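Below is one structure, written out as structure tokens; the observations come after it.
Where a number appears in this text, it was derived from the coordinates with a stated rule and is not lab data. Since this is a predicted model, take the numbers as computed values, not measurements. Don't worry about glycine lacking a Cβ; one is built from the backbone with ideal geometry, like all the others, and counts go over all protein chains shown.
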Amino acid sequence: MCHRDMRSCRLTTGSAQGAGDLRGYVGASFVAPRGGHTPNMASAPARARRVDNGRVGGSGAARQAAADTNPSMCSTSGIELKSLENFRDLAEGVPTMRTGCVLRSAKPVYLDEADARHLTETLGLQVLLDLRSAKELHEDPPDSRLLARAAYRPYRRTWMGTAVPVAIPLPHQPPPPQQQQQAQPSPCEGSNGGDGGGMALVRHNVSLVERLRYYSGLAWHLPWMTIAWALATLPFSREAARLSLVDHINAGGLPLMYKVILDTARPEIAAAMRVVLESAEARRPLLLYCSIGKDRTGIISALVLSCVGASLDQIVADYHRSDSQCKASIAGLDERPELRGIDLTMFEHAPVAAGVAMLEYIHQRYSSLPGYLTAAGFGPEEQARLRRALARDDA
């Protein structure tokens, strides 16, 4: 398992509603520059304490304190599924959040039967929120135990700039009748469990990264001299123009990728948040995932946590728990010929510095996490509804 020193950071911009600062991360302060790309996080010296088992503050004391405050966390906390990577309950680090409602993981396409049944029957999973691109979906095996049971509901952006489900869902393979009868989903904590048992599994596909949209957004974040050089060089050497752009993409690393996604996928992010809201209000447990379950999943998870009043420390801590993922995925764009030469090691792990850089960018451009959600189309009223839906009854 990969392991890295935690980059020590502190958020210096204003806090979001209900958020605290990052004074727990002592050491060198990272401040994302205004304009241009963010420096490569891998080049920053490691000055901070190590992370115990990939969890900020250590997996022992922090998690025990949370469990003492929130005894019902044992319903999903600590569950390990052999065939599903990076799986956890989003409420594990936030004692005031209702457990069992929002789960997160890597793509659940290779689940064995035992894990698939545990998700649908023991945990009562009823909603899948798939953030992957169409190219990534085409690589899924046709006999995926979990996805084959779900009705497929893709979302597309309209000419009005909103992301909505398409009118006619694509064909899907329903679960066998005997599985429908045997499944007894357990709705998330606080539900009476009366009406969730007969609900079918639904997969919402809201892609946060699409090729042309990503490239156009990337152009706004690269230095203008780089763009001018690439355009001037293009008629003479496509390879030289391409390499000049790739070098800056590598240097920007994860923070640059998060900026582009946040700016170019606002309608899709609002649609994804709305799926979480509707599922939470209906007490239908939801699994949120992308390919590896750390970048696109991390962005949506951070925004959900902000709605329930999580502190910035808790948001970064949840993001950093994916640091053990020694993999990288840019929604399949890294396999495109125009991005040949991308250094995928710059996109591995989930370092604290990248999580802090993402939050700093949101604060610098949108003033706060709630401000970003409002700009994306998920307004204060919906944010308040999500907070009520995910709040523990005794919080």
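Using r as the Cβ-Cβ distance of Arg365 and Thr233, and R0 as 30 Å, what FRET efficiency do you calculate, to the nearest 0.05? Please list the in-between numbers first.
Working: r = 30 Å, r/R0 = 1.01.
For R0 = 30 Å, the calculated efficiency reads 0.50.
Would you mind checking which residues have amide H under 5 Å from Arg203's amide H? H placed 1.01 Å from N; only 5 or more apart, or other chain.
For Arg203, whose amide H was placed from the backbone, the distant partners under 5 Å are Leu128, Ala151, Tyr152, Arg153.
For segment 110-158, rounded, prolate or oblate, judged on the Cα gyration tensor with a ≥ b ≥ c (square roots of eigenvalues), a/c < 1.5 rounded, else prolate if a/b > b/c?
Oblate is the answer for segment 110-158, as a/c is 1.5 or above yet b/c matches or exceeds a/b.
Starting with the highest mean, order 301-307, 205-211 by the number of other Cβ atoms within 10 Å, averaged over the residues of each peptide.
Working: 301-307: 26.6, 205-211: 22.4.
Ranking, from highest mean packing down: 301-307, 205-211.
Could you please report the charge total around Pro267, scoring K, R as +1 and D, E as -1 over all other residues with beta-carbon less than 11 angstrom from its beta-carbon? It would help to have the intermediate numbers written out before the result.
Numbers: positive: Arg156, Arg157, Arg213, Arg266, Arg274; negative: Glu268.
Cβ neighbours under 11 Å give a net charge of +4.
For Lys82 and Glu278, what is the calculated FRET efficiency with R₀ set at 30 Å and r taken between the beta-carbons, to the nearest 0.05?
Values: r = 31 Å, r/R0 = 1.03.
FRET efficiency, Lys82 to Glu278: 0.45.
Taking a ≥ b ≥ c as the square roots of the Cα gyration tensor eigenvalues, with a/c under 1.5 meaning rounded and otherwise prolate when a/b beats b/c, else oblate, which class fits segment 254-395?
prolate
How large is ³J(HN,Hα) for each residue in segment 91-98, as worked out from phi by the Karplus curve 6.51 cos²θ - 1.76 cosθ + 1.60 (θ = phi - 60°), to whole Hz, x for Gly and Pro?
Those phi angles translate into 7, 4, x, 10, x, 7, 9, 5 Hz.
If you take the square roots of the eigenvalues of the alpha-carbon gyration tensor of segment 348-395 and sort them as a ≥ b ≥ c, do you get rounded (a/c under 1.5), prolate (a/b over b/c) or oblate? Before the final figure, lay out each step's value.
Numbers: a/c = 2.96, a/b = 1.44, b/c = 2.06.
Oblate, since a/c reaches 1.5 and b/c is not below a/b.
Taking R0 as 51 Å, what FRET efficiency do you get between Asp143 and Leu243 from their Cβ-Cβ distance, rounded to the nearest 0.05?
Calculated transfer efficiency: 0.80.
For Val102, enumerate residues with amide H under 5 Å from its amide H, sequence gap 5+ or separate chain, H modeled in the peptide plane.
Here Leu90, Ala91, Leu286 satisfy the definition.
Under unit Cβ charges (Lys, Arg +1; Asp, Glu -1), what dipole magnitude, rounded to 20 debye, does segment 114-157 have relative to its Cα centre?
On the way: 8 positive and 7 negative charges, 58 e Å.
Dipole of segment 114-157, to the nearest 20 debye: 280 debye.
Put +1 on the Cβ of every Lys and Arg and -1 on every Asp and Glu Cβ in segment 252-369; which of Met346, Ile299, Ala282 then has its Cα farthest towards the positive end of the dipole?
Ala282
Which of the lysines could a cross-linker span from Lys107 if the Cα-Cα distance has to be under 20 Å and same-chain partners fewer than 8 positions apart are dropped?
List returned: Lys82, Lys135, Lys294, Lys327.
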